[in-house]
Amino acid sequence: MKNNYDYKVSAAGRVNLIGEHVDYCGGKVLPAALSLRNTVYVKPNGTDKLNLSWTDIPDKITLDIDKLDDYRDVKYANYPAGSALMWQRAGKKIVGCDMLYDCTVPFGSGLSSSAAIEVSTIAALATAAGEEIDPVEIALLAQKAEREYTGVNCGIMDQYASACGKKNHAILLDCKTLEREYVNIDLGNCTLVIINCKKPHNLVESKYNERRAETEEALEKLKTKKNVSCLADLTPMEFACIGGVLEGKVKDRARHVVEECERVRLAVQAMKAGNMVELGSLLNASHASLRDLYEVTGKELDTLAAVAQAHPACLGSRMTGAGFGGCTVSLVRKSGAESFKKQVTEEYFKATGYRAEVYDASIDDGIRVEKL
Ligand code: GLA
């Protein structure tokens, strides 16, 4: 079936090592692209239609290139349609195509299956129309699709990592300027373990948008004390001086953002110095802040992180992504990794009744295009 196509175009899911819920506050983040990917097999079909099909669901949906705005409520097709629409609105050439989707990023896992679908859709359409592939431009259009078409007011981290990732590297991305630095992921005798808590996601979108609004409210109030353009402009020390203008939850949310930005800075230093113990303790501190100040974890993610942190081979563990379900990422000594996976999933099951899933994934490139 896959042989009937001209190109195989894929984009990555991502894991964020640290820097959570700071991208939309102008902070730096440290994601890495994964070998879990969405692949689009594509070929031009000479019509004005995009014929979508999937390897794992029987649906077949046809999108009219001239009516791409009409598919917002069509399950499965909304992400491809929104992405195609943003590409078209950017003045790019779009041609009718047959497109077969094959996604190995688990849905609702916090590993950015939606970004992988958006980015690979645009890269596939660009390839089919003979347009240039500019990964940063594609990431920005994919983010626009998520915000304007599906209504999640997301930052740039996921789409950027999905498009611009690099094998064996994390991306230190400044979300204010879009400057980036690739940081070699050399974890010495340690490895990363990604585990899905398998709690069904709900209300993620509304809670996500609510957190965003709270950080905006905090920024407006802080601006009355200091001339800043985003929360990430503040150091923890500066925040200690002027944070008194905020109160309650809004103050907690802003404090998380300011301190998480500082942890990103320290984590990159620790990675470059090969100090895994320090990196691990920063991951733990990030989780605690997301639990206590930002309140985006929930019982299942907290239990999973706690049983992970208690394992002797684990140097640190935290939730990754938007939260409210999804995955943790843990820094684990290679020698104890198998025992870690077994014991953590067993203890988590005993505590919650959910069967956690461990993913076997490596750090991979972003967009990849292959001629078939
Ligand atoms: C989601 C969003 C990202 C980012 C993370 C939290 O994955 O899409 O932009 O805000 O949540 O760090």
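Name the one entry in TYR208, TYR182 that is of a type outside the set (Val, Ile, Thr) and either touching a residue at least 40 places away in the same chain (Cβ under 8 Å) or within 16 Å of the ligand (Cβ to nearest atom) (or both). Let's see the steps before the verdict.
Numbers: TYR182 fails: either touching a residue at least 40 places away in the same chain (Cβ under 8 Å) or within 16 Å of the ligand (Cβ to nearest atom) (or both).
Residue meeting the stated conditions: TYR208.
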Inset, instruction - Output the number of the condition that CYS230 fails; it satisfies all remaining conditions of (1) within 19 Å of GLU247 (Cα to Cα); (2) open to solvent by 20 Å² or more (accessible area, probe 1.4 Å); (3) in contact (Cβ under 8 Å) with a residue 60 or more places away in the chain. - result: (2)
Legend entry - Residue check, ASP6 in contact with a Gly (Cβ under 7 Å, 6 or more places away or on another chain), acidic (Asp, Glu) and either away from the ligand (no atom under 16 Å from the Cβ) or over 20 Å from GLY108 (Cα atoms) (or both): no
Legend entry - Per-region count, segment 109-148, residues open to solvent by 10 Å² or more (accessible area, probe 1.4 Å) and more than 12 Å from the ligand (Cβ to nearest atom): 16
Legend entry - Count - residues of segment 81-108 that are part of a loop (DSSP other than H, G, I, E, B), under 24 Å from THR320 (Cβ atoms) and open to solvent by less than 20 Å² (accessible area, probe 1.4 Å): 1
Inset, instruction - Of the conditions (1) within 15 Å of the ligand (Cβ to nearest atom); (2) over 21 Å from CYS103 (Cβ atoms); (3) surrounded by 18 or more Cβ atoms within 10 Å (Cβ to Cβ), ALA161 clears all except one; give me its number. - result: (2)
Inset, instruction - Taking the options VAL22, VAL42, VAL15, name whichever one is in contact (Cβ under 8 Å) with a residue 24 or more places away in the chain, within 12 Å of the ligand (Cβ to nearest atom), of a type in the set (A, V, I, L, M) and in contact with a Lys or Arg (Cβ under 9 Å, 6 or more places away or on another chain). - result: VAL22
Legend entry - segment 92-148: number of residues that are touching an Asp or Glu at 6+ places or on another chain (Cβ under 6 Å), farther than 20 Å from ILE57 by Cβ and among the small types (Gly, Ala, Ser): 3
Legend entry - First in segment 338-351 and closer than 12 Å to GLN309 by Cβ and without any contact (Cβ under 8 Å) to a residue 60 or more places away in the chain, second anywhere and surrounded by 13 or more Cβ atoms within 10 Å (Cβ to Cβ) and of a type outside the set (Asp, Glu), Cβ under 8 Å, 6 or more apart: GLU347/VAL307
Legend entry - Candidate set: segment 238-280, residues that are of a type in the set (Asp, Glu) and either out of contact with any Pro (no Cβ under 8 Å at 6 or more places or on another chain) or closer than 18 Å to ASN189 by Cα (or both); chosen: the one least open to solvent (accessible area, probe 1.4 Å): GLU260
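Every residue, every condition in (1) surrounded by 24 or more Cβ atoms within 10 Å (Cβ to Cβ); (2) of a type outside the set (Ser, Thr, Tyr); (3) without any contact (Cβ under 8 Å) to a residue 12 or more places away in the chain; (4) under 25 Å from ASN209 (Cβ atoms), yes or no:
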| residue | (1), (2), (3), (4) |
| --- | --- |
| TYR5 | no, no, no, no |
| ALA11 | yes, yes, no, yes |
| GLY26 | no, yes, no, yes |
| VAL29 | yes, yes, no, yes |
| ALA32 | yes, yes, no, no |
| GLY46 | no, yes, no, no |
| ASP59 | no, yes, no, no |
Inset, instruction - Being over 11 Å from the mean Cα position of the chain (by Cα), within 9 Å of the ligand (Cβ to nearest atom) and in a helix (DSSP H, G or I) is the filter here, so list the residues in segment 149-158 that pass it. - result: none
Inset, instruction - State the number of residues belonging to segment 323-351 that are touching a Leu at 6+ places or on another chain (Cβ under 8 Å) and either under 30 Å from ASP134 (Cβ atoms) or part of a helix (DSSP H, G or I) (or both). - result: 5
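Taking the condition of being acidic (Asp, Glu) and within 27 Å of the chain's Cα centre (by Cα), how many residues in segment 58-82 meet it? Quick ask: steps written out before the conclusion?
Of all residues in segment 58-82, those acidic (Asp, Glu) come to 59, 64, 66, 69-70, 73.
When the remaining residues are screened for being within 27 Å of the chain's Cα centre (by Cα), the result is 59, 69-70, 73.
Number of matching residues: 4.
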Inset, instruction - Please work out which residue is most open to solvent (accessible area, probe 1.4 Å), limiting yourself to segment 185-205 and to residues that are in contact (Cβ under 8 Å) with a residue 60 or more places away in the chain and within 13 Å of the ligand (Cβ to nearest atom). - result: HIS201
Legend entry - Given (1) open to solvent by 30 Å² or more (accessible area, probe 1.4 Å); (2) more than 16 Å from the ligand (Cβ to nearest atom), number of the condition SER53 does not satisfy: (1)
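Considering only segment 294-322, state which residues are part of a loop (DSSP other than H, G, I, E, B), closer than 28 Å to ILE156 by Cβ and more than 14 Å from the ligand (Cβ to nearest atom).
First, pick out the residues of segment 294-322 that are part of a loop (DSSP other than H, G, I, E, B): 294-298, 311-313, 321-322.
With the extra rule that they be closer than 28 Å to ILE156 by Cβ, the set shrinks to 294-298, 321-322.
Once the filter is applied, which keeps residues that are part of a loop (DSSP other than H, G, I, E, B), closer than 28 Å to ILE156 by Cβ and more than 14 Å from the ligand (Cβ to nearest atom), segment 294-322 yields only GLY298.
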Inset, instruction - Tell me which residues, restricted to segment 120-132, are outside any helix (DSSP H, G or I) and either of a type in the set (S, T, N, Q) or at pLDDT below 95 (or both). - result: GLU132
Legend entry - Hits in segment 334-361 (condition: touching a strand residue (DSSP E or B) at 6+ places or on another chain (Cβ under 6 Å) and open to solvent by 60 Å² or more (accessible area, probe 1.4 Å)): LYS334, GLU357
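The values are calculated or read from the model by the stated rules, or taken from the named source; none is laboratory data. Note that the structure is predicted; figures quoted are calculated from it, not measured. When we count neighbours, we look across all protein chains shown, and the Cβ atoms used for this are built from the backbone with ideal geometry, even at glycine. Side chains included, ligands, DNA and RNA excluded: accessible areas come from the protein's heavy atoms. Shrake-Rupley method; radii C 1.70, N 1.55, O 1.52, S 1.80 Å.
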